[in-house]
Amino acid sequence: MVQTPMARERLFALREEIARLEGKPVPAMAAARQEALAERGSADREKHRLPLGVTILDEALEGGVPLDGLSEIRSHCLRDATVSAGFALALSALMQKQAAADPAPILWIADRVTAMEAGVPYPVGLKDYGLDSESFLHAAPRKLDEALWLAETAVESGAFAVTLLEVKGNPAHFGLTESRRLSLRAKAAGRPLFLLRQSGDEEASSAAFRFLVEPAPAAIRLLPDRSMLGGSIGNPVFRLTLEKSRNPAPLSLILEWNPHDRQFFPAREPEQARPPLKRAAHSRPRLSASFNRPDRPQEMGPVLAFDQAS
């Protein structure tokens, strides 16, 4: 049975009065009161967390990814943008799965520069990734200030299951002040907000957690009889490092994303992507080695240009 704060206070007051009548020390009741409040705070925190299904990671995240705050996901360089975006989409798919009865739409906000270089989400790919593309919205503001304003408004509205803000690098107009404002908006609205920083460096942020996502080789696709399909590519795999948390040292592990079950699994990096002595599908014979050619390039001569042919 859920107790209101007023009812809980009355209960503690009655217990303290009984302790006085029985001659028991009141400080013990005060300590029990503090312990109960701490347990209540822990329960509330777990209620607003999204567990990822990997024990060591959920413990480091104190129950999971916050559903009422700001989390940051970054990549080292722009060529890894698809990897960090894939991890953010996997988290979004988990949130849609959690609210299967009444799934709210997902809003992806990307500044114009990032959209031009990293591309935009592809509806068919979203569906293959485990997302409902019909409830996925994409916005591309022209300026970063407009993107920040849109992210704050979207979070405050409470109309979206998750809001993703994608930026490139470490813009001068997006620092600790703007990060704190986004975090406060997300906490007040009780909604999750992901900051997707492509090709960015570590910097001070109000995000509760920061993930560094790097590519990792995928395993070979398994057939129903548990045999391996040579030359195939299996589920997406991420090399994940939890850079910012309450842990004394960063946590690094490899995760595999199953888009059909919409679930993460701990994985290990395969020794090689393909089994030995097996050719890839649609393989062709190698070209023969060239012959009757000089073994080294000729030295540069004094000729600067050739005469024009008549």
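Quick rundown of the values:
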item	result
Backbone HN-Hα couplings from phi across the stretch 156-161 [Karplus 6.51/-1.76/1.60, Hz, Gly and Pro as x]	5, 5, x, 8, 10, 5
Simple label model, 7 Å out from Cα along Cβ direction - ALA172 to LYS143, nm	1.5
Out-of-range pairs (alpha-carbon distance over 27 Å; input LYS97/LYS168; LYS168/LYS244; LYS127/LYS244; LYS97/LYS143)	LYS97/LYS168; LYS127/LYS244; LYS97/LYS143
Computed E for GLU134/ALA204 - FRET, C-beta separation, R0 35 angstrom, nearest 0.05	0.35
Simple spin-label estimate for THR153 and GLU59 in nanometres, 7 Å along Cα-Cβ	4.5
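Each value in this text was obtained by applying a stated rule to the coordinates, not by laboratory testing. Note that the coordinates shown come from a computational prediction; the quantities given were computed from them, not determined experimentally. We place every Cβ from the backbone using ideal geometry, glycine too, and count neighbours over all the protein chains shown.
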